[in-house]
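The values are calculated or read from the model by the stated rules, or taken from the named source; none is laboratory data. Because the structure is predicted, anything quoted here is derived from the model rather than measured. A quick note on method: Cβ atoms are made from the backbone with ideal geometry, for glycine too, and the neighbour counts reach across all protein chains shown. Keep in mind that these areas ignore ligands, DNA and RNA; they rest on the heavy atoms of the full protein, side chains included. Shrake-Rupley method; radii C 1.70, N 1.55, O 1.52, S 1.80 Å.
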Amino acid sequence: CLAWSGEQPSQNYTDNRGIVINYISQPNWQKMFGKKLGIVVKWFFSSWWASRKINVPDKNIDLLIYFSPAVTTVGIVAKLKKYSSKVVMILWDFFPQYHQELNLLPNNSFIINVAKKQEQYAVNKANLVGLMTPKNIRFMNEYFPHSNQQKRVVIQLWGPNPLAITNLAEKLILKRQWPQLDSQKIWAVMGGQMIPGRGFELLLNVAALSEKLDNQINFVVAGDGILKQWFLEKM
């Protein structure tokens, strides 16, 4: 794991399931290169810097998995790829389009084109890419065309089983964090990026209907994005 904030120290430990965790600290690039250039260095070069810190495995890896944005891990993947039987990427967000929609990237065609080419290079390191829906696959085939034998399939985001009910310990933590919420009511929580296509119009309609029917439901939205101000005005 490449510690993204640049504040945690490097450390190795074994968790309670016997899994060995490697945290690789990285420098504070923004202090070294300035705010804007530092962000570019962090996104496009920190994984290559981190790859020098990884020990070569003493045996082959059964499966190497990485995720989007792929540019943040490609250096590590490139180093370990030759030791792995299979390389799988989980692609949830299409970088850089997704980040541009969140206003996290400037509306500059040169920057977007460079970022997209780098992401496509990183994505094509995988033998298989897992996406959330068939429409994601169709979009990817246009957004990131490829000429190799890479497979692109739907992988269920949460697995076949229903989500587990929140346990008592987690409920107590949530109650402390949200003291204004009535513990006797049902909480409907939506978290993530507030961007077009996420169903915020539908959420507002459902909340209005719930209030009209006097249902005991609290709607909680935690997120940020270009629709935040619109959402607050519509509440």
Self-check item: Nearest-10 value in Å² for the accessible area of Asp224, using the 1.4 Å probe
Solution: 90 Å²
Quiz item: Is segment 1-50 best put as rounded, prolate or oblate by its Cα gyration tensor, with a ≥ b ≥ c the root eigenvalues, rounded for a/c under 1.5, and otherwise prolate when a/b is larger than b/c, oblate when not?
Solution: prolate
Quiz item: Roughly to the nearest percent, how much of the accessible area of the chain is carbon and sulfur, given a 1.4 Å probe?
Solution: 56 percent
Quiz item: So if we plug the beta-carbon distance of Asn148 and Lys53 into 1/(1 + (r/R0)^6) with R0 = 30 Å, what FRET efficiency do we get, rounded to 0.05?
Solution: 0.55
Exercise. Enter the accessible area of Glu233 (Å², nearest 10), with the probe set to 1.4 Å and all protein chains included.
Key: 130 Å²
Quiz item: Can you tell me the accessible area per residue over the chain, all protein chains present, probe 1.4 angstrom, in square angstrom?
Solution: 68 Å²
Exercise. Would you mind working out the magnitude of the charge dipole of segment 178-235 relative to its Cα centre, with +1 at each Lys and Arg C-beta and -1 at each Asp and Glu C-beta, to the nearest 20 Debye?
Key: 100 debye
Quiz prompt | Rounded, prolate or oblate (a/c below 1.5 giving rounded, otherwise prolate when a/b exceeds b/c) for segment 1-135 by Cα gyration tensor | solution = oblate
Quiz item: By the scheme Lys and Arg +1, Asp and Glu -1, what is the net charge of all other residues having a beta-carbon under 11 Å from that of Gln97?
Solution: -2
Quiz item: Relative contact order of the chain: what whole-number percent is it, with Cα pairs under 8 angstrom and at least 6 residues apart?
Solution: 12 percent
Self-check item: C-alpha long axis of helix 200-212 to longest principal axis of the chain, angle in °
Solution: 30 degrees
Practice problem: With a ≥ b ≥ c taken as the square roots of the eigenvalues of the C-alpha gyration tensor of the chain, please select rounded if a/c is under 1.5 and otherwise prolate if a/b is larger than b/c or oblate if it is not? | Solution: prolate
